[in-house]
Amino acid sequence: MSAVPDTMSPFDDPELLPFKLDLIGQRVLWVRLTAAQRAAASFLDERALPPAAQGAWWPLASLATRDTLKTPVEAIFHIGHCGSTLLARLLEAWNPVQVLREPLPLRTLADAWALRERPEARVSEAQAGELLHALQVAWSRPLDGSSATVLKATSSCNGLVAPLLGSGPMRVVLLGLPLPTYLAALMKSPDSVHDAAAAAGERLTSLQSTGWAEGIALHQLSLPEQCAMGWLAERVRFDALARGADGARVLRLDFDRLLDEPRIALTAVAAHLCLPPEGIEAAMASPAWTRYSKAQSHAYAAADRAHDLRLSRQRFSREIEQGLRWVDAQLQRRTDWAIDRDSWT
C-alpha cells in the first residue's frame with residue numbers, strides 16, 4: 001500500500017475512508033477509495049482494497065471531530081442472510097446516494113461497545129460515543145456529488161442501532177425474515193450457520209437482558225437452537241426499537257415482502273429514508289434482482305432462492321424443527337410479548 005500525502009486531517013479529502021480501527025495500537029487506517037470502488041465492494045474490508053491502494057495509519061485522534069454531518073447518513077440493520085445486500089444494491093438506483101456495505105470500523109466499534117463499561121475495554125464509554133459520531137461524519141462527506149449515505153451494517157453490529165438512533169437524526173431499516181424461512185436460509189450453508197453461531201453469544205446476552213431465556217447457557221444449545229435463539233434475540237431487540245422513543249425513525253421490513261411486493265416495499269423504504277419517489281422505477285429495473293448480491297457475476301433470481309429454500313427445508317427438516325421447538329418453548333413462557341415466529345413484523 002502506497003502512502004497518501006500528509007495532510008492536516010484526513011477529513012479534508014472525502015476519498016479517504018476510515019477503513020480499519022486498531023484499538024490496541026490506538027490508530028486508524030485511512031484508505032483512498034473512489035465512488036466506483038466503494039460501489040463495487042460487497043464488503044468494505046480487505047477484499048475491497050484495489051491492487052495499488054493508497055492509505056496510511058494515523059493516530060486514533062485523527063478521527064476526533066466536532067463537525068456535524070455533511071449529508072444525511074441512514075442505515076440498514078438486519079438479522080443476517082436475509083437479503084440486506086440486495087436491498088443495499090437496489091438503493092444505489094437512487095443516484096447519487098452512496099451505499100457503504102459492511103465497513104470494518106463499525107464491526108470493531110460494535111465489539112468495543114459491548115465492553116465499554118468493563119475493565120477490559122480498550123476505549124471508554126465517552127470515547128466509544130465520540131468514535132461513533134466521528135465515523136458518521138466521515139461517511140457523510142459528499143463524494144462525486146452524493147446527496148446521502150446509506151450504511152449497510154454487518155449483522156453483528158445490531159447493538160449499535162440504539163446508540164445511533166439516540167445520537168442523531170439517522171433513520172434505519174430493520175430487515176429480517178420469519179423464523180422458518182430464516183432457518184432454512186441458514187441451514188443450506190455451513191458458513192451461514194457459523195456466522196449465526198459466532199453472533200450467538202452477544203445475542204443471548206441481549207435476549208437475557210430483557211428477561212428471556214433465563215438460566216440458559218450457550219453451550220447448552222445445539223447449533224440449530226443457537227440460530228433460532230439469535231432470531232428471537234433480534235426480533236425482541238428490533239421490536240423494542242420500533243416501540244421506543246425513536247420508533248418513528250425505524251422501519252421494519254420482511255425480505256419476503258420485498259420480493260413478493262417490490263414496488264410497495266421500495267416505496268415504503270424510499271419514503272422512510274426521504275429518497276425521491278422517482279428512484280423507484282430505476283430500482284425496479286435494477287439488474288441486482290437477477291444476480292447473486294455478494295458476487296454480481298453469478299446469476300441468482302427469486303426463483304433460484306425459492307428452489308434452494310425448498311431443498312433446504314427437505315434436507316434439514318430435523319434441524320429446522322429443533323430450532324422452531326426451542327423458540328416455541330420460549331414464546332409459551334412469555335405471553336406478555338406478542339411475537340409470531342411465522343412473521344418478522
DSSP beta bridge pairing in the chain, given as percent antiparallel to the nearest 5: 40 percent
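Any chance you could run the full-extension gain for residue 47 through residue 219? It's 0.36 nm times the residue separation minus the Cα-Cα distance, nm to one decimal. Please report the intermediate quantities before stating the final value.
Values: separation 172, 0.36 × 172 = 61.92 nm, distance 3.27 nm.
Between residue 47 and residue 219, full extension yields an extra 58.6 nm.
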The alpha-carbon center of the range 69-93 and that of the range 291-335 are separated, in whole Å, by 21 Å
Amide H of residue 76 versus every other amide H placed in the peptide plane: which residues, excluding those fewer than 5 positions away on the same chain, fall under 5 Å? 151, 152, 153, 173
For residue 20, which sequence-distant residues (separation of 5 or more, or a different chain) have an amide H within less than 5 Å of its own amide H, given hydrogens modelled in the peptide plane? 29
Give the span of the range 200-341's Cα atoms along each principal axis, as three whole-Å numbers ordered largest to smallest. 51, 43, 23
May I ask what percent, to the nearest 5, of DSSP beta bridges between residues of the range 1-108 are antiparallel? 90 percent
If ligands, DNA and RNA are left out, what is the accessible area of residue 297 with a 1.4 Å probe, given in Å² to the nearest 10? 90 Å²
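Mind ranking 70, 152 by accessible surface for me, highest first, 1.4 Å probe?
So the residues, ranked largest to smallest area, are 70, 152.
Go through 187, 284 and list them by solvent-accessible area, largest first, probe radius 1.4 Å.
Details: 187 20, 284 60 Å².
From most accessible down to least: 284, 187.
For 149, 65, give me the order by solvent-accessible area with a 1.4 Å probe, most accessible first, ignoring ligands, DNA and RNA.
Details: 149 0, 65 30 Å².
Solvent-accessible surface, decreasing: 65, 149.
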How large, in percent, is the carbon and sulfur part of the accessible surface of the chain at a probe radius of 1.4 Å? 53 percent
Kindly express, to the nearest 10 degrees and within the range 0 to 90, the angle between helix 223-243's C-alpha long axis and the longest C-alpha principal axis of the chain. 70 degrees
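Can you give me the relative contact order of the chain as a percent, contacts being Cα pairs under 8 Å and 6 or more apart?
Values: 535 pairs, mean separation 65.9, N = 345.
Computed value for the chain: 19 percent relative contact order.
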For a quick check of understanding: with a 1.4 angstrom probe and all protein chains in place, what accessible area in square angstrom does residue 144 have, to the nearest ten? 120 Å²
Which one of 190, 59, 105 has the biggest mean-square fluctuation once the chain is modelled by GNM with Cα springs under 10 Å? 190
Could I have the simple spin-label model distance between residue 95 and residue 3, label points 7 Å from Cα toward Cβ, reported in nm to one decimal? 3.8 nm
Which residue, 259, 151, 87, tops the fluctuation ranking in a GNM of the chain built on C-alpha contacts under 10 Å? 259
Name the residue, out of 112, 199, 217, whose mean-square fluctuation peaks in a Gaussian network model built on the chain with Cα pairs under 10 Å. 217
To the nearest Å², the heavy-atom accessible area per residue of the range 1-155 with 1.4 Å probe amounts to 41 Å²
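Under the 0.36 nm per residue contour assumption, what length would be gained going from the current alpha-carbon distance of residue 61 and residue 210 to full extension? Write out the running numbers ahead of the final one.
Numbers: separation 149, 0.36 × 149 = 53.64 nm, distance 3.57 nm.
Full extension from residue 61 to residue 210 adds 50.1 nm.
The values are calculated or read from the model by the stated rules, or taken from the named source; none is laboratory data. Keep in mind that this is a model prediction, so the values were computed, not measured. For neighbour counting, all protein chains shown are included, and Cβ atoms are generated from backbone atoms with ideal geometry for every residue, glycine included. The accessibility values were calculated without ligands, DNA or RNA, using every heavy atom of the protein model including side chains. Shrake-Rupley method; radii C 1.70, N 1.55, O 1.52, S 1.80 Å.
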